[in-house]
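Here's the structure, in structure tokens; my notes come after.
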Amino acid sequence: MLYALNDLLIDTTTRTVRRGADDIRLPDLSFDGLVSLIEVAPQPLSTAELSHAVWRAEHVSDETVAQRIALLRKALGDDPREPKYIRTVRGSGYAIAGPVERVNGEPVFTPRRMMAVVTGVAALLFLGGLALAPRNVDQPAAELSTKTALPSTGADLIMRAKQQLGMHQSVETDRAISMLREALANDPRSYDARLTLSFALSTKATKFGGDYTHKQEAEALARELIEEEHDNSNAWSALGYSLGSQGRLDESLSALQYAYQLNPDNAPAASSAAHVHLLRGQLYQALGLEFEVLRAGGRSRYAEIQIAQSLDLIGHPAAEKWHAKALSLNPGQVVILSEIAKSHLRRGSPDAALETLAEAQGEDAIAPSILQLRGRANIALGRIGEAKRDLKAAGWRGQYDLAALEAIAGAPDLANELFTPAKLADLDSDSDPEFRIVLAEVAAACGRDSQAIRLLAQAVNLGWRDINWLKQSPFLGTLMASSEGLKLEGRIARELDAQRRLTEGNTDLLRAINS
């Protein structure tokens, strides 16, 4: 169906909005909200009705609906004080502000309106190939390619999925996964759809509370693609991303480095490899690789925040500048806000962490990583009831902190579930040091100090270098003040000093850091 709203042309088949020759790209929730209002115009829709129409839910908070309408207005360039497209109806919800007409080939417009629509349709037809071309999305591990020509419905779905992934938001990621599964139902052998789905599933698992099945499927898809094309850089990036999401860091690093070797323009693969170096405590290597890519003109969404993380760990004063750069380039983005909040927490500033986390808007405000860090900040502030609510809402991301809190309160059942032989066996295949840290916190909360020290030592062996996180932990404070804890602190301090000296000894790197 094709609708005209003032100077806009809205196509519900291709899910596009155009103003003349300009394409206005809307996230799916915004597009669904616009079409829902158009279909009942000029009557308004209440927030409850929009909840059903857009979110397919019984209830979505009025604030969430208002935020979505605000985003839609911003995308359309609409002024709520003098609305051209969407008006607020006090006590009733929202409604379309201008006249809506259905375009069906009949001359239903005034000559002026008809000229605007004809121009828009002609531009759409003329630029069709460009408008429907899949757009590169800067995933943490690779730039996505366009591999296979599909029927238009499949190509449209993949393009829209990439647009949704580019939003880096929880709901949009879920919608992207659904679109890609639909595209694969049409063409199960589509290389592009399988590649994009692998990235989407890993993104879901690492950033928005996905489970282990997402990680496994992402890996299986990537390996399948590599079997078909051994030298495809993007497929190796997808494999590296999926392996990293499973904590298999050594394998992940090899895959990402090979992806970068196959294609030196694959900046996100190099940045993801740098992130693995960071996790392994190889901060000098991480910084060197990030700036190598930046010097070559490459661009990765997370380069600035990863540079800030490395600098923060070695105590370099430029860390704050790089935090600010990351935030200015990606305002409100979950990963950026989470890492900056962690920086505040490791400095003992939970109030500042909460202020940073409050910048997450809409669905991102309830992303698992945001909720988990909010819970940690509330623990530091002594707000245990609020912390428990946040941690429960965070799902699996909050379960370790919640288990530690419950154990301190004399209820160790949840903690005991995390220390079953089957759970501990997972450590053998997981080289991510952070997994040991969260288990160490639970062990310490249960009074299992010797086990907690062993886990902390294993984490340090694997590259954990965030000493301030351990010292500010609400569960490890006593343990870190013990003789064994002080030994670990001294070891980490020496490792960080070595990384700092390596960085300071490289004048080109220092110049780039301070630029």
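Step through the residues of region 20-35 one at a time and calculate ³J(HN,Hα) from phi using the Karplus curve (6.51 cos²θ - 1.76 cosθ + 1.60, θ = phi - 60°), rounding each to whole Hz and writing x for Gly and Pro.
Running phi through 6.51 cos²θ - 1.76 cosθ + 1.60 with θ = phi - 60° gives x, 8, 8, 8, 9, 8, 10, x, 4, 4, 5, 5, 4, x, 4, 5 Hz.
Output the 0 to 90 degree angle, nearest 10, between the alpha-carbon long axis of helix 303-313 and the longest principal axis computed from the alpha carbons of the chain.
With both axes taken from Cα atoms, the answer is about 20 degrees.
Computing the accessible area with a 1.4 Å probe over protein heavy atoms, can you report the carbon and sulfur percentage for the chain?
Details: 11640 of 22280 Å².
With neighbouring chains kept in place, the figure for the chain is 52 percent.
Helix 212-228 versus the longest principal axis of the chain: what is the Cα-based angle in degrees, 0 to 90, to the nearest 10?
Here the helix axis deviates by roughly 70 degrees.
When all protein chains stay in place, what accessible area (Å², nearest 10, 1.4 Å probe) is found for Met1?
Roll a 1.4 Å probe over it and Met1 shows about 90 Å².
Run the numbers for Arg19 and Lys74: contour at 0.36 nm per residue of separation, minus the present Cα-Cα distance, in nm.
Details: separation 55, 0.36 × 55 = 19.80 nm, distance 1.44 nm.
Taking 0.36 nm per residue and subtracting the Cα distance, the gain is 18.4 nm.
Would you mind classifying region 332-454 by shape? Square roots of the alpha carbon gyration tensor eigenvalues, ordered a ≥ b ≥ c; an a/c under 1.5 is rounded, otherwise it is prolate if a/b is larger than b/c and oblate if not. Don't skip to the answer; put the middle values down first.
Working: a/c = 1.89, a/b = 1.60, b/c = 1.18.
Prolate.
Looking at this model, which pairs from Lys342/Lys487; Lys325/Lys388; Lys321/Lys423; Lys388/Lys471; Lys207/Lys471 are more than 31 angstrom apart at the alpha-carbon?
Working: Lys342/Lys487 24 Å; Lys325/Lys388 33 Å; Lys321/Lys423 40 Å; Lys388/Lys471 22 Å; Lys207/Lys471 25 Å.
Going by Cα-Cα distance, Lys325/Lys388; Lys321/Lys423 fall outside the 31 Å limit.
Quick one: putting +1 on the C-beta of Lys and Arg, -1 on the C-beta of Asp and Glu, what dipole do you get for the chain around its Cα centre, in Debye to the nearest 20?
Numbers: 56 positive and 66 negative charges, 184 e Å.
It works out to roughly 880 debye.
Tabulate in residue order the Karplus-calculated ³J(HN,Hα) for region 367-375, using 6.51 cos²θ - 1.76 cosθ + 1.60 with θ = phi - 60°, rounded to whole Hz; enter x for Gly and Pro.
Along region 367-375, the couplings run 5, x, 5, 5, 5, 5, 5, 5, x Hz.
Accessible area, 1.4 Å probe, largest first: how do Glu386, Glu290 sort?
Details: Glu386 80, Glu290 5 Å².
Accessible-area ranking of Glu386, Glu290, largest first: Glu386, Glu290.
Let me cross-check Trp396: its accessible surface, 1.4 Å probe, with only protein heavy atoms counted, in Å² to the nearest 10?
100
Just to confirm my numbers, what's the Cα centroid distance between region 15-78 and region 364-431 in Å?
When both Cα centres are located, 36 Å separates them.
Please grab the % of Cα pairs in the chain that end up more than 42 Å from each other. If you can, show how the numbers build up before the last one.
Working: 32809 of 132355 pairs.
Considering the chain, 25 percent of its Cα-Cα pairs are separated by more than 42 Å.
Projected onto the charge dipole of the chain (+1 at Lys/Arg Cβ, -1 at Asp/Glu Cβ, origin at the Cα centre), which of Val100, Leu279, Ala318 gives the Cα projection farthest towards the positive end?
Value: Ala318.
Nearest 10 degrees, 0 to 90: what angle lies between the long axis of helix 62-76 and the longest principal axis of the chain (Cα atoms)?
The two axes meet at around 60 degrees.
With all protein chains present and a 1.4 Å probe, how do Arg248, Arg374 order by accessible area, largest first?
On the way: Arg248 50, Arg374 75 Å².
Heavy-atom accessible area, descending, gives Arg374, Arg248.
The values are calculated or read from the model by the stated rules, or taken from the named source; none is laboratory data. Keep in mind it's a predicted model, so treat the numbers as computed, not measured. Here Cβ is always computed from backbone atoms with ideal geometry, including for glycine, and neighbour counts include all displayed protein chains. These area figures cover heavy atoms from the full protein model, side chains too; ligands, DNA and RNA do not enter into them. Shrake-Rupley method; radii C 1.70, N 1.55, O 1.52, S 1.80 Å.
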